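One structure is given below, encoded as structure tokens.
Nothing in this text is a laboratory measurement; each read-out follows from the coordinates by a stated rule. In this text, all values refer to a predicted model and were calculated from it rather than measured experimentally. Cβ sites come from the backbone with ideal geometry, for glycine too, and all protein chains shown count toward neighbours.
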Amino acid sequence: MKRFSFLVLVILLLTSCAARNSRSSNEEKKQYVIGFSQIGAESSWRERNTESVLEAGKKANYKILYENANQSQTEQIKDLRSFIASRVDLIILTPIVETGWKHVLEEAADANIPVVINDRLISKEDSHLYKTFVGPDVPIQGIQTADFLKKKYKDVQEPINIVEIQGSKDASPAISRHDGLVEGLKDDPRFHLVASVHGDFMLSKGREAIKNVTKSHDLKQVDVIYCHNDDMADGVVSYLEETDIKPGKDITICSVDGQQSAIDLLKAGKINCVIECDPNMGEKLFEVVTAVLEGKSIPKENYTTGRVFSEYSDLTKIDKRGY
Ligand code: GZL
């Protein structure tokens with residue numbers, strides 16, 4: 001009888017240990033909840049950026065609350081407040097513009113919810129309100145474009161007139177791609193920025209923007225059209241192809257992103273330079289998210305880099321872009 005009781009006691013002890021271990025391992029495997037506030041779906045680039053983030057978050061076993069603000073900062077702020085109310089473990093924010101985030105990010109800080117910035121930047125005076133940034137070093141993209149133009153026009157002495165089709169007003173890539181170009185050309189007096197208009201990073205608005213420029217500028221007096229992204233460049237090329245001006249030949253077209261559509265136009269000689277801006281930030285983003293949640297120290301900026309694809313490149317070596 002004693003042997004039987006002892007056996008029962010051992011079985012009970014082993015069972016309770018197993019239950020405790022499974023509880024503790026389940027606690028260890030707590031699934032973190034991440035609120036992801038995305039700008040919208042303004043370009044093919046943005047759609048790939050969203051896919052990249054969601055794919056990487058799923059692979060890393062995070063529960064993602066994804067909200068798409070359809071180009072509205074007001075909607076993004078509402079989304080952030082709903083994440084705070086839901087007590088998410090961390091927020092990923094792609095800020096549509098640089099300013100206007102102070103109050104809502106202070107509310108996230110008051111709720112002890114860390115914020116990681118994806119792709120675009122917020123203004124420096126509010127940089128204490130987020131943990132870290134993952135995205136492109138955008139001013140370099142403007143300088144890379146300037147370097148291409150100085151190479152292409154190295155033997156030209158006459159004035160070189162540039163029309164700029166900017167991205168969304170106050171968006172960090174629009175500000176920095178403009179500033180980078182100006183910085184890159186500042187010591188070369190041949191280059192003149194004769195018009196700069198917004199196309200909101202959208203194909204349709206890029207087409208509309210260049211059409212509006214023709215109301216005040218004769219495109220036959222324009223040498224370069226600098227588009228802040230490929231979708232707007234696509235719109236510009238489609239407009240020019242309805243005129244007697246040959247894009248890529250009569251007028252130089254420069255763009256940024258590296259979408260398949262732009263590479264195809266580059267290969268067809270209708271675009272002259274495409275600066276790569278890789279949207280596939282998901283893997284890097286969730287490495288950083290995990291480090292933040294584990295309390296590890298991380299750099300304030302985690303920059304992605306990009307190549308220059310131009311008429312001087314070996315275009316046969318460009319891999320399928322995937323966006
Ligand atoms: C750049 C990114 C820009 C892309 C556009 O980092 O924010 O937004 O260049 C996209 O295509 O709309």
Notebook entry, point to check: Using alpha-carbon positions, what is the distance between the centroids of the range 192-220 and the range 172-186, in Å?
Noted result: 17 Å
Next item on the list: Note down the relative contact order for the range 224-297 as a percent, whole number, built from C-alpha pairs under 8 angstrom at least six residues apart.
Entry: 28 percent
Next item on the list: Determine the gain in length on full extension of the stretch L193-D170; use 0.36 nm per residue of separation and subtract their C-alpha separation, reporting nm with one decimal.
Entry: 6.4 nm
Item checked: Computed [θ] at 222 nm, deg cm²/dmol, the chain (DSSP H ≥ 4; -39,500 (n - 2.57); rounded to nearest 500) -> -13500 deg cm²/dmol
Margin query: Using a 10 Å cut-off around each Cβ, can you sort C227, C254 from fewest to most neighbouring Cβ atoms?
Written below: C254, C227
Notebook entry, point to check: For L315, L293, what ranking results if the residue with the fewest other Cβ atoms within 10 Å of its Cβ goes first?
Noted result: L315, L293
Margin query: Give me the net charge for the shell around T316: Cβ to Cβ below 14 angstrom, other residues only, Lys and Arg +1, Asp and Glu -1.
Written below: -1
Margin query: Rounded to the nearest 20 debye, what is the charge dipole size of the range 86-211 about its Cα centre when +1 sits on each Lys and Arg Cβ and -1 on each Asp and Glu Cβ?
Written below: 460 debye
Checklist line | Range in the chain, longest, excluding exposed trypsin sites (Lys or Arg not before Pro) [loop by DSSP; at most 15 other beta-carbon atoms within 10 Å] | finding: 88-153
Notebook entry, point to check: What angle do you read, to the nearest 10 degrees and between 0 and 90, between the alpha-carbon axis of helix 282-293 and the longest principal axis of the chain?
Noted result: 40 degrees
Check: Any idea what angle helix 44-59 forms with the longest principal axis of the chain, computed on alpha-carbon atoms, 0 to 90 degrees, nearest 10?
Finding: 20 degrees
Next item on the list: Just check the range 146-260 against the gyration tensor rule for me: Cα atoms, a ≥ b ≥ c as the square roots of the eigenvalues, rounded for a/c under 1.5, and otherwise prolate or oblate depending on whether a/b exceeds b/c.
Entry: oblate
Note to self: Between E242 and K300, how high is the FRET efficiency from 1/(1 + (r/R0)^6) when r is the Cβ-Cβ distance and R₀ = 45 Å? Nearest 0.05.
What the structure shows: 0.45
Next item on the list: Give, as a single signed number, the net charge of other residues whose beta carbon lies under 15 Å from the beta carbon of F286, with Lys and Arg counted +1 and Asp and Glu -1.
Entry: -1
Next item on the list: Among I96, I245, I275, rank each residue by its count of other Cβ atoms within 10 Å, from fewest to most, as a rough exposure measure.
Entry: I245, I96, I275
Checklist line | In degrees, nearest ten, helix 203-213 long axis to first principal axis of the chain (Cα) | finding: 30 degrees
Checklist line | the chain, relative contact order in percent, only Cα pairs under 8 angstrom and at least six apart counted | finding: 17 percent
Notebook entry, point to check: For the residue pair N212 and D137, what label-to-label distance in nm results when each label sits 7 Å from Cα along the Cα-to-beta-carbon direction?
Noted result: 3.4 nm
Next item on the list: Name the long-range amide H neighbours of I271: under 5 Å, sequence gap of 5 or more, or other chain; modelled H, no Pro or chain starts.
Entry: L266
Check: Taking 0.36 nm per intervening residue step and subtracting the Cα-Cα distance, what contour gain separates E67 from S86 on full extension?
Finding: 5.5 nm
